[in-house]
Amino acid sequence: MSTTRGAAVTVRVPAKVNVQLAVGGARPDGFHDLANVFLAVSLHDEVTVSPADSLRVTCEGPDADQVPLDATNLAARAAHLLAARRGISPDVHVHIAKDIPVAGGMAGGSADGAGALLACDALWSTGASHAELLDICAELGSDVPFSLVGGAALGTGRGEQLTPLELGAPFHWVFALADGGLSTPTVFREFDRLTPQAGPPEASRALVEALRTGDAGALAGALVNDLQPAALSLRPSLADTLAAGTAAGALAGIVSGSGPTTAFLAKDADEADRIAAALRRSGTCRAARAAHSGVAGATVVRAPGGAAG
Ligand code: C5P
C-alpha cells in the first residue's frame, strides 16, 4: 500500500429519492424495519481525496456552510473506518463539492460517505472487495450502501440490505428544495408518535413493475412515503409545495425520504423543466431542480494517471 504525494482521486456520487418508503415499528435498537425502494438521481456531489498531514474535510457549494466539517461528517468517518481496517492513518484532505441539498432527505451526507470511501480505497490501493466496501457503507449509515451502488434497489432491514431492481426508461423528476433541513431521527420519532401500530413493511409489486417497465403513470400511482405525514406534521408548509407541483402538472408529488425536499414525477424532460419553472414562480420553495433517474452509484472520475472507472 503506498500513496503518492500530490495524487488525488475524485469520485462522483448521486443523490437518491425514495419511491417507496414503507416503515415498520421501532426496533429494540432504535431503528425501524423498512421496505425502502431507492432510485439514484442526477444531482451529484464530487468528493476528492488527496494525501495530507492529517485528516481534514472542506466543502464548497451553495449550502457548504451547513455541512459539518468535523469527525461526524460521514466522509471523515469513511476515511477513518477504511484506514482502521488496514492499520494505517487516515491522513487525507477530503474536499466535497456539494450540489445535493443538505439535510434534505436526498442522502447527501450518505453520498459523501460512499464517495470518500471509494476515493480512499483508490488512493490507498487497499484492494477492498465490493462486499467489504458495502459492509463499511452499512456501518456508516442505512442509506450509504445505496449511494455506492446507485441505479434502483430495494433496501430491507434498516434499509442497508440491498436487492438491485431492474429499471426501464429513465424517469424525469423535479426536486423542490426547502429552507433549512429536517433531522431524520426527529422525523422517525414523529412517525412513531403518529403511527403507534405500524405493521411490517412490504415492497409494492406494482411499484417494482412500474420501475421495470419505465411506466411513469404507473409509478406515479404507486409512489408512497410512510414518513410523509411526519414530515408534513413537522413542516406544514410542505403541503403548499406539494399542491403547487401537482397544480403545475406533475404526475405525482411526494416528500423525499425524511424531507424537507419534495419530489415531483414528470411525463418527460421538457415537462420537468416546465414544472421546475412553475415551482420557482410559486414562492413555495427555495429552489427547484430537474433531474433524471437511472444513474450510476459512486464512480471514480479522476485518479492519478488519468484513470477513471
Ligand atoms: O442509519 P442512519 O445513521 O442514516 O440513521 C439516522 C437515524 O435515522 C437513526 O439514528 C434513526 O433515528 C433513524 N432511522 C431509523 N430507522 C432506519 C433508518 C434510520 O429509525 N431504518
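Any read-out appearing in this document is the output of simple, stated calculations on the displayed coordinates, not a laboratory observation. None of these values were measured; they are calculated from a predicted model. Note: ideal-geometry Cβ built from the backbone for every residue, glycine included; neighbour counts use all protein chains shown.
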message: To test your reading of the geometry: what angle, between 0 and 90 degrees and rounded to tens, separates the Cα axis of helix 269-282 from the longest principal axis of the chain?
response: 80
- line: The base-10 log of I(q)/I(0) that the Debye equation returns for the chain at q = 0.08, 0.15, 0.16 Å⁻¹, one scatterer per C-alpha, is -0.34, -1.15, -1.28
message: Among Ser42, Pro201, Leu134, which residue has its Cα furthest toward the positive end of the charge dipole of the chain, with +1 on Lys/Arg Cβ and -1 on Asp/Glu Cβ?
response: Ser42
Estimated D of the stretch 172-292 in µm² per second, where Rh is the Kirkwood radius over Cα pairs and Stokes-Einstein applies at 37 °C, 0.692 mPa s: 222
- request: Measure nothing but the geometry: give the 0 to 90° angle between the long axis through the Cα atoms of 184-194 and the longest principal axis through the Cα atoms of the chain, rounded to 10°.
  value: 30
message: Taking a ≥ b ≥ c as the square roots of the Cα gyration tensor eigenvalues, with a/c under 1.5 meaning rounded and otherwise prolate when a/b beats b/c, else oblate, which class fits the stretch 1-70?
response: prolate
Angle between the chain longest axis and helix 108-124 axis [Cα atoms, degrees, rounded to 10]: 20
message: Using a Gaussian network model on the chain with a 10 Å cutoff between Cα atoms, which of Phe31, Phe264, Phe188 fluctuates the most?
response: Phe31
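As a test of the formula, what do you get for the chain when each DSSP H run with n ≥ 4 contributes -39,500 (n - 2.57) and the sum is divided by the residue count, at 222 nm and rounded to the nearest 500 deg cm²/dmol?
-10000 deg cm²/dmol
Using every Cα-Cα pair within the stretch 9-165, state what percent have a distance larger than 24 Å.
Every Cα pair in the stretch 9-165 considered, those over 24 Å come to 30 percent.
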Centre separation in Å (Cα based) which lies between the stretch 1-63 and the stretch 69-127: 7
